[in-house]
Amino acid sequence: MSAGFKARAAEALVDPLLKIAVERTAGTAEAKRAASVAAFDAFGAARTRAAAIKDHVIAHLGHYLEQFETNAIAAGAQVHWAETADEACRIVIDICRKAGAKSVARSKSMLGEEIGLPHALAEAGIERIETDLAEHIIQLAGERPSHIVWPAMHKTREQVSALFRERHAEPHAEETIAAMAESARRHLRAGMLAADVGISGANFLLADSGSVCTVTNEGNAELSIVPPRVHIVTAGIEKLVPSMDHAVHLLRLLARSATGAALTQYTTFYTGPKRAEDLDGPEEMHIVLVDNGRTKMRAEGLAEMLRCIRCGACMNHCVVFRQIGGHAYGGTYPGPIGAVLTPALDGIAASRDLPQACTMNGKCQEVCPVNIPLPTLLRGWREKSWREGLEPASTRSAVRLWAWVARRPWLYRLSARVAVRGMRLFGGSWIAALPLAGGWTQHRDLPAPQGKTFMEQMRERQR
Amino acid sequence: MSERRQVALFVTCLVDTMRPRVGFAAIDALEAAGCDVAVPRAQTCCGQPALNSGDRRDAEALARATIEALEGYPFVVVPSGSCAGTIRVHYPEILAHDPIWSPRAAALAARTWEILAFLDQVCGWRPEGVTLPVSATYHDSCAGLRELGIKAQPRRLLGAIEGLRLTPLGGEETCCGFGGTFCVKYPAISNAITDEKAAAIEASGAELLLAGDLGCLMNMAGKLHRRGSAVRAMHTVEVLAGMGDGPAIGEEA
């Protein structure tokens, strides 16, 4: 939902701390990714193979989902299917209730955000312990994630410190990252160990083994999954890969694209619940496979978007995201992927600003580890918005009039001459304010046209 | 010497109206590089504003009109990476569904070149005897860079100009915030991006800003002027054609 995008963007633009916070994280990620990609032999070939792996799975999704289900059940897991966000939340809440859960330990998952799971848990009266440090921060602040890898990237260290001082029972004594992390650890760990149910997402689902793969840098997925009696995985159906080999190939690109690291600190594969001979692990494992519009996206020209492995590189490198941060986008997913996914999830009528608010510079596709043609997909949404009459009447008539004139060369040349002479009336070599061009002259001067048009001068030369 | 190349110049609507000097510089440079240059009278605009606004029907109509105006020539050369990219990359895409126009679009696309890439790659040309003792910096405009792979060509061409010192620009591949209609639809966001670009240009210490797209150049020059900066801006082809001592963008002739 992007109603009020411009207002949120305007607010973000005048927030000096937001700009600092976003630049610290995205700027560092940009530099580290560049170094890491430069040091990765045949990155281009790896990227091509990654895109091919995902395309293959998306084209044969039914086959791999069935294979995954069979193997996950064989490993002792229970597999559930959810077509919508509400259905997914209902399934999760039911499992929690059957387990008699008063509290759940949750490991960050964008799908969880997408289906509104935090809200659903609160409505069901189930306490939620966010185990990812950044998710913990935004839970304390009562906010939503602003980035898919760094949910609290919009907050400065100083703001986090103030928040912990206010909300932690035993806040940090000194203003160091180590002390602040220790304060969060004290606050979270008891809750993590006492939770009845652990809920995680999945970075990959392995069809040939029924395994679920998570990657974190904090080890919080492991801590929220292993101690509780019941483990629930919520995952989008596009997370399927055929085998471990494919998952590992994508992992190499995922971590490098996200943070520049060769791998994350923790990469864990879970296959079924605790077995008789295992020392630890949950007694029950439930996997909720969520569609929530994905099948529809595949059918309606957005199949390439289902390649996305949620690395966040597109947002880290987007000039617009870097100026306004993630909250301005209004949806679960910000930045370039959000501008494609939010209209798919919420409808283009509610989000027409998102695909428009892009300079089409193509950087997002350049850095995408699975080569998603984001500019093309954004243009597709713009076309849909235009067809459905959602673009402002002023834009529509201006573009249509321009095109109508441009299809008549004689009229076009006449109009160009008139426009140039009209602009010359504003005098000088720079125009500081021009009617109908306020969007331009509010922030920059307009160089006045040189005089006669090129075509006019050519004609004079040839006479 | 081999036969002269027959080239149609597509001047772009911004060059036609705002800075015809770029068109004349293009003709001079192409002639110096051994081309005979025609300027087809039926040309207007490539349709990029309609394409990027989502007005697919008008974009297709303008693509057909442009193909008709330009397809009789062995080469079409455009002093803009984004307009050349529209013809080369997007015409074949948007007309792919049309059995009559699809091959015509593909044929034109294969013969259409951005001017700096054409001068360097097709003509193997270097400006001779051109002197311009300034420190200049180069901005890689997005469509030229990412749709057409223009990166080394302008630098090779500029390297042949006597006295010109090319100064690195921090974030040279970062969008300047123009984005066609983006800059007027989202002026506040565009302004924030352009302000950072202007600051990077100033920090480069160069006296002259060069790029291959007039839209990006007008955006950056307009912001530099508003900031009171002394950095001047010019299309690369003007410098290559030996017109670098003339008025920069926003200077009276």
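Summary of computed values
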{"quantity": "Count of residues meeting criterion [in contact with a Pro (Cβ under 8 Å, 6 or more places away or on another chain) and at the interface with chain B (Cβ under 8 Å from one of its Cβ atoms)] in region A:351-360", "calculated": "2"}
{"quantity": "Subset of region B:11-43 (residues that are facing chain A (nearest Cβ under 7 Å) and within 16 Å of the chain's Cα centre (by Cα))", "calculated": "B:Val11, B:Val15, B:Asp16, B:Thr17, B:Met18, B:Arg19, B:Pro20, B:Arg21, B:Gly23"}
{"quantity": "Residue match in region B:201-210 (condition: without any contact (Cβ under 8 Å) to a residue 40 or more places away in the chain, within 24 Å of B:Leu116 (Cα to Cα) and buried (at least 17 other Cβ atoms within 10 Å of the Cβ))", "calculated": "no"}
{"quantity": "Options A:Leu411, A:Leu434; residue that is more than 7 Å from chain B (Cβ to nearest Cβ) and outside any helix (DSSP H, G or I)", "calculated": "A:Leu434"}
{"quantity": "Listing of helices (runs of 4 or more DSSP H) fully contained in region A:2-87 that carry 1 or more residues being in contact (Cβ under 8 Å) with a residue 60 or more places away in the chain and more than 14 Å from chain B (Cβ to nearest Cβ)", "calculated": "A:16-22, A:28-38, A:43-59, A:61-74"}
{"quantity": "Filter result for B:Pro154 (more than 19 Å from the chain's Cα centre (by Cα) and of a type outside the set (D, E, K, R))", "calculated": "no"}
{"quantity": "Some residue of region A:271-284 being open to solvent by less than 40 Å² (accessible area, probe 1.4 Å) and part of a helix (DSSP H, G or I)", "calculated": "no"}
{"quantity": "Enumeration of residues in region A:123-167 that are of a type in the set (A, V, I, L, M), under 16 Å from A:Arg186 (Cβ atoms) and within 23 Å of the chain's Cα centre (by Cα)", "calculated": "A:Ile129, A:Leu133, A:Ile137, A:Leu140, A:Val160"}
{"quantity": "Filter result for B:Ala107 (farther than 24 Å from B:Cys13 by Cβ and either more than 21 Å from the chain's Cα centre (by Cα) or open to solvent by 30 Å² or more (accessible area, probe 1.4 Å) (or both))", "calculated": "no"}
{"quantity": "Checking A:Leu206 against (1) at pLDDT below 95; (2) touching a helix residue (DSSP H, G or I) at 6+ places or on another chain (Cβ under 9 Å); (3) farther than 22 Å from A:Leu121 by Cα, the condition it does not meet", "calculated": "(1)"}
{"quantity": "Test: residue in region B:49-59 that is facing another protein chain (nearest Cβ under 9 Å), free of Cβ contacts under 8 Å to residues at least 40 places away in the same chain and on the phi > 0 side of the Ramachandran plot", "calculated": "yes"}
{"quantity": "Some residue of region A:263-270 being farther than 21 Å from A:Trp150 by Cβ and modelled with pLDDT under 95", "calculated": "no"}
{"quantity": "Whichever residue in region A:377-389 is open to solvent by 50 Å² or more (accessible area, probe 1.4 Å) and touching a Gly at 6+ places or on another chain (Cβ under 9 Å) and, among such residues, is nearest to A:Cys308 (Cα to Cα)", "calculated": "A:Lys384"}
{"quantity": "Meets criteria (more than 10 Å from chain B (Cβ to nearest Cβ) and either in a helix (DSSP H, G or I) or of a type outside the set (Phe, Trp, Tyr) (or both)) for A:Gly422", "calculated": "yes"}
{"quantity": "Residue in region B:163-181 that is facing chain A (nearest Cβ under 9 Å), of a type in the set (D, E, K, R) and in a helix (DSSP H, G or I) present", "calculated": "no"}
{"quantity": "All positions within region A:145-159 that are modelled with pLDDT under 95 and either in a helix (DSSP H, G or I) or touching an Asp or Glu at 6+ places or on another chain (Cβ under 7 Å) (or both)", "calculated": "A:Arg157, A:Glu158, A:Gln159"}
{"quantity": "Among residues of region A:29-58, those that are open to solvent by 20 Å² or more (accessible area, probe 1.4 Å) and either under 18 Å from the mean Cα position of the chain (by Cα) or aliphatic (A, V, I, L, M) (or both), counted", "calculated": "11"}
{"quantity": "Condition check for A:Gly116: open to solvent by less than 30 Å² (accessible area, probe 1.4 Å), under 18 Å from the mean Cα position of the chain (by Cα) and under 28 Å from A:Glu182 (Cα atoms)", "calculated": "no"}
{"quantity": "Exclusive hit being of a type in the set (Asp, Glu) and open to solvent by less than 10 Å² (accessible area, probe 1.4 Å), set B:Asp120, B:Asp140", "calculated": "B:Asp140"}
{"quantity": "Hits in region B:60-80 (condition: away from chain A (no Cβ under 12 Å) and not hydrophobic (A, V, I, L, M, F, W, C))", "calculated": "B:Glu71, B:Gly72, B:Tyr73, B:Pro74, B:Ser80"}
{"quantity": "Residues within region A:10-26 that are open to solvent by less than 40 Å² (accessible area, probe 1.4 Å) and more than 17 Å from the chain's Cα centre (by Cα), tallied", "calculated": "3"}
{"quantity": "In region B:90-145, the residues that are of a type in the set (Val, Ile, Thr), in contact (Cβ under 8 Å) with a residue 12 or more places away in the chain and over 22 Å from B:Met220 (Cα atoms)", "calculated": "B:Ile94, B:Thr112, B:Val122, B:Val130, B:Thr131"}
{"quantity": "Unique match (being open to solvent by less than 20 Å² (accessible area, probe 1.4 Å) and either more than 9 Å from chain B (Cβ to nearest Cβ) or not small (Gly, Ala, Ser) (or both)) among A:Thr395, A:Thr441", "calculated": "A:Thr441"}
{"quantity": "Total residues in region A:275-331, condition within 14 Å of chain B (Cβ to nearest Cβ) and without any contact (Cβ under 8 Å) to a residue 40 or more places away in the chain", "calculated": "1"}
{"quantity": "Residues that are part of a loop (DSSP other than H, G, I, E, B), open to solvent by 10 Å² or more (accessible area, probe 1.4 Å) and in contact with a strand residue (DSSP E or B) (Cβ under 8 Å, 6 or more places away or on another chain), drawn from region A:120-142", "calculated": "A:Ile126, A:Asp132"}
{"quantity": "Residue match in region A:193-211 (condition: charged (D, E, K, R), out of contact with any Cys (no Cβ under 6 Å at 6 or more places or on another chain) and surrounded by 23 or more Cβ atoms within 10 Å (Cβ to Cβ))", "calculated": "no"}
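The values are calculated or read from the model by the stated rules, or taken from the named source; none is laboratory data. All values derive from a computational prediction rather than experimental measurement. Ideal geometry is used to build each Cβ from the backbone, glycine not excepted, and the neighbour counts take in all protein chains shown. These accessible areas exclude ligands, DNA and RNA; they are computed on the full protein's heavy atoms, side chains included. Shrake-Rupley method; radii C 1.70, N 1.55, O 1.52, S 1.80 Å.
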